[in-house]
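Trainee: Okay, here's the structure, questions in a sec.
The values are calculated or read from the model by the stated rules, or taken from the named source; none is laboratory data. What you are looking at is a predicted structure, and each value in this text was computed from that prediction instead of being measured. Note: ideal-geometry Cβ built from the backbone for every residue, glycine included; neighbour counts use all protein chains shown.
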Amino acid sequence: MSMSGKSKVAALVVVVAAVAVAFAMFQGRDGGGERQAGWSPKKPVELIIMAGVGGGADQIARLLQGLIEKKGLSPRPFIPINKPGGSGAEALRYLQDKAGDDHVVLVTLNSFYTTPIIQQGIGVDVREFTPIGRMALDNFLLWVHQDRADIADLDGYVAAVRGAGRNWKVGGTGVGQEDSILTAMMENHFNYEVTYIPFPGGGTVAKNLVGKHIDSTVNNPAEQNEFYRAGNTKPLVQFTASRLPAYPDVPTAKELGHDLQYYMQRSINGPPGMSEAAQNWYIGLFRELFESDEWQKFCVDDGLACEEWLAGDDLRDYHLTEIQKHRQLIESVGAGAITGE
């Protein structure tokens, strides 16, 4: 080969190497891998939270947002936005009105199912939303203030509530929300009545229990852990199939002979009509977060179940099943028992 030919080959090698380096840098900057080969956000992504500041959904959303930033997983930032109004109706309606928008996603609770069932006038059909990924199943415990020396277990709690009647105040995050459903389930099961006090978020509920403005709550672990660890509140029972690793000494209602179990999904969904390319990008992003050491540690420490990843059509099927379950649950306890009407 002539010197001229060798020079051309050398130049070609340099060009190929430069392209490879540039591609690698692009992958590293934007989160890398097959997920970044196609669509990616072109502007900030709205991370809508259908609950108030400080609650479980809010904590989860801000943890995920922080991990996305820390790990450099998106070329554009995720912006957490709380829309708690109307037991999540505000957030659901907002997402419905964002149909076709690839730059907005929703962090959900079970009010994703219950609010459209109870508040049919909001004109939202969550079956049309774009399923992305289920990050966890959250759990519920029954909490009272640590100072309630007269209440050491579930039997003591039931006796105290029956003695107080409607003077017993249970705090929650709004009518139609998960804790109002579980409260109605307990009223029906134990044959007592309480006064349900709604607050704008689970964090506010927790603070009101510490301040003794309410008598009890069925907060998620993440919402009470700070106060539990500080010795302000105590859990009496878990509404789970088995004891959570974070609460090995707290019995389940099932263990005590009461068939009371309830779980809350923590999933990410897009608006109706999100493009398939965007949906796939978000699925890849949130799966990477789901499998991260940081997320799995959070799940263990804060009492969430994060063993099974569901995405796309599998999550859609799960939603359809849960919508039917919640419709039947609301019918069994009565919508009036949940809304107080």
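Trainee: Quick check on region 174-191: of everything there that is out of contact with any strand residue (DSSP E or B) (no Cβ under 7 Å at 6 or more places or on another chain) and farther than 19 Å from residue 254 by Cα, which residue is modelled with the highest pLDDT?
Mentor: Among those that are out of contact with any strand residue (DSSP E or B) (no Cβ under 7 Å at 6 or more places or on another chain) and farther than 19 Å from residue 254 by Cα, it is 177.
Trainee: Is there any pair with a first residue in region 107-129 that is more than 21 Å from residue 273 (Cβ to Cβ) and a second that is assigned to a loop (DSSP other than H, G, I, E, B) and of a type in the set (Phe, Trp, Tyr) whose Cβ atoms are under 9 Å apart and which are 6 or more apart or on different chains, and what are they?
Mentor: These pairs meet every condition: 110/262; 110/263.
Trainee: Could you tell me how many of the residues in region 120-175 are farther than 19 Å from residue 258 by Cβ and among the hydroxyl-bearing types (Ser, Thr, Tyr)?
Mentor: Total meeting the criteria: 2.
Trainee: Evaluate region 263-278: report whether one residue or more is under 16 Å from residue 136 (Cα atoms), in contact (Cβ under 8 Å) with a residue 24 or more places away in the chain, among the aromatic types (Phe, Trp, Tyr) and buried (at least 16 other Cβ atoms within 10 Å of the Cβ).
Mentor: yes
Trainee: Follow-up. Can you tell me which residue among 73, 106 is part of a strand (DSSP E or B) and under 24 Å from residue 222 (Cβ atoms)?
Mentor: When all the criteria are applied, what remains is 106.
Trainee: With a cut-off of at least 3 residues that are in the same structural domain as residue 170 (by TED's automatic domain parsing), modelled with pLDDT of 95 or more and more than 25 Å from residue 154 (Cβ to Cβ), name the strands (runs of 3 or more DSSP E) lying wholly within region 193-307.
Mentor: Where strands (runs of 3 or more DSSP E) fall fully within region 193-307, none carries at least 3 residues being in the same structural domain as residue 170 (by TED's automatic domain parsing), modelled with pLDDT of 95 or more and more than 25 Å from residue 154 (Cβ to Cβ).
Trainee: Could you tell me which numbered condition residue 159 fails, if it satisfies all but one of (1) on the phi > 0 side of the Ramachandran plot; (2) in a helix (DSSP H, G or I)?
Mentor: For residue 159, the failing item is (1).
Trainee: So which pairs qualify, if the first residue must be in region 287-303 and within 24 Å of residue 238 (Cα to Cα), the second must be among the basic types (Lys, Arg) and surrounded by 15 or more Cβ atoms within 10 Å (Cβ to Cβ), the Cβ gap must be under 7 Å, and the two must be at least 6 apart or on different chains?
Mentor: Close Cβ pairs (under 7 Å, with a partner that is among the basic types (Lys, Arg) and surrounded by 15 or more Cβ atoms within 10 Å (Cβ to Cβ)) do not exist here.
Trainee: Residue check, residue 87 against (1) modelled with pLDDT under 95; (2) part of a helix (DSSP H, G or I), all met but one. Which one?
Mentor: (2)
Trainee: Looking at residue 81, is it outside any helix (DSSP H, G or I) and either under 25 Å from residue 122 (Cβ atoms) or in contact with a Pro (Cβ under 7 Å, 6 or more places away or on another chain) (or both)?
Mentor: yes
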